[in-house]
2 protein chains.
Amino acid sequence: MTSTAAPGSNAGTKGVARADREAQIVDVACRVFGESGFAGTSVADIAEAAGISKPLIYNYFGSKEGLYAVCVRYAASTLVDEIERTAQTGEVGLARAVVTLDGMFRVLAPQPWIWRLVFDPTSPPDGEVAEILADHEQRILTFGLEGVAELLRQVGNTDERDTSAMRAVWENVFRTLVTWWLENPDSPEEMTQRCIRLFDSVFGDGTQPLGTVSGSRGA
Amino acid sequence: MTSTAAPGSNAGTKGVARADREAQIVDVACRVFGESGFAGTSVADIAEAAGISKPLIYNYFGSKEGLYAVCVRYAASTLVDEIERTAQTGEVGLARAVVTLDGMFRVLAPQPWIWRLVFDPTSPPDGEVAEILADHEQRILTFGLEGVAELLRQVGNTDERDTSAMRAVWENVFRTLVTWWLENPDSPEEMTQRCIRLFDSVFGDGTQPLGTVSGSRGA
DNA sequence: TCGATATGACTCACGAGTAAGTTACCACAT
DNA sequence: ATGTGGTAACTTACTCGTGAGTCATATCGA
């Protein structure tokens, strides 16, 4: 008998429309990829977590990387949208950083895994995913970088390499605050207040604290 | 024909003593692991780069992870040794940070790949390697952490979670400066000067710059 | 000739991707 | 209302490549 799917098997439609199924798979995949990373996740893992079979994923997304690309696109654009939303508040300098961080904490609170999706070190370095990340990552982390150059200019430093290094540092301060929060969860409000305190500790001269921007949530 | 190594093959001793061969393999492995990460490196890659065959590596190191453990141990203790050496200069606060960074740049200049070995995100999360890293990583990055708590205390903040977050930030500032330098190479001296300028820009009030500790190299 | 050094050719597990089949819904003819 | 066929949804059981780890054998210095 060359029959590959025995009668009485689970094969066959379960009445779930393709669009619904795709959305469900993407949702599950985001969490699993976010937890284990691209390299650490097998397509079978996702299929099992979603309660379906592996070939269905290939039917709908073509490849592991195809599915991953959809997840990354969703994650990246979620973060970018939030950043560009908070950018409209018109804050500048540290206040802008606080508002942006506050926005991050709020979007990430219900779906913390999407952060790891965007910054997954095992994500494939070439191909579609890399392009998506290249497109978005800059926008995700570039928001306050003019502020860095400005800070250095104020003390008379216009060196390009100094500015580049300082940008890298600032980028990672931002990333670290978010990452720390994901590993040490809090309410977004509390974490924003914490960031304000920390910025004040480092930068503040005590006279005009950042506290005034707390709780701001534009448009 | 059950012969597995044909007559006239390359099999047989090449007169290299085991200790020498081991050292050579570790040296090559450090570079390859450092470039491609643990997960991205196959044992065959290392064997080829070292000009030997795969089974020899298993003879000497038992497993891929066994070899990796030796590499990580070397890398981690190199960094820790340097940190503990500079700690003896007795500097405190930011000056200590500068001295430590300066030491890092000098050890890493001739063997930059060992940094990546210690902070490889694809390194196995359990087992011997994880233990080695857990033992060393703390010492690598903890050097200035009392300074963080002190900074916060000075502004009247003794909150534990604030301190924890601030520690994470400072850790990553340190890491980012080193990583940026590895990706944008410079002489160690120039990079140390850069760090001094950047610290001055952020923390300095302009009156007593950190420049006085430049070039310090203890004991 | 014995033991250390060394290798070619294997096994085995795992994960990406595929071929070929099964089941259920639905439009439509009767 | 009921058979009938087309099609979308779905699965089982495979292939195939890759990389970790092993075995049996070969060479050479002492």
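The values are calculated or read from the model by the stated rules, or taken from the named source; none is laboratory data. All values derive from a computational prediction rather than experimental measurement. Every residue, glycine as well, gets a Cβ built from its backbone with ideal geometry; the counts of neighbours run over all protein chains shown. Ligands, DNA and RNA are stripped out before the accessible areas are found, and what is left, the full protein with its side chains, is counted by its heavy atoms. Shrake-Rupley method; radii C 1.70, N 1.55, O 1.52, S 1.80 Å.
The residues of the range A:1-159 have, on average, 51 Å² of accessible surface per residue, using a 1.4 Å probe with all protein chains present.
Between copies, the label points at residue A:161 (set 7 angstrom from Cα along Cα-to-Cβ) are spaced 4.2 nm, reported in nanometres from shortest to longest. Here residue B:113 yields copy-to-copy label distances, from shortest upward, of 3.6 nm, the label point defined as 7 Å from Cα along Cα to C-beta. Taking label points 7 Å from Cα along the Cα-to-Cβ direction, residue B:35 and residue A:84 give a separation of 4.0 nm. Cβ-Cβ distance of residue B:154 and residue A:23, R₀ of 45 Å, FRET efficiency by 1/(1 + (r/R0)^6): the value works out to about 0.30.
Taking the C-alpha atoms only, the angle from helix B:18-36 to the longest principal axis of chain B is near 60 degrees. Here the extension length gained between residue B:109 and residue B:187 equals 27.3 nm, from 0.36 nm per residue of separation less the Cα-Cα distance. For the range A:136-176 versus the range B:56-79, the inter-centroid distance based on Cα atoms is 38 Å. From helices alone, chain B scores -21500 deg cm²/dmol at 222 nm; the rule is -39500 (n - 2.57) for each run of n ≥ 4 DSSP H residues, then divide by the residue total. The angle between the Cα long axis of helix B:160-183 and the main principal axis of chain B comes to about 60°, on a 0 to 90 degree scale. Net charge dipole, chain B: roughly 560 debye, given to the nearest 20, about the Cα centre with Cβ charges of +1 for Lys and Arg and -1 for Asp and Glu. The angle between the Cα long axis of helix A:128-141 and the main principal axis of chain A comes to about 30°, on a 0 to 90 degree scale.
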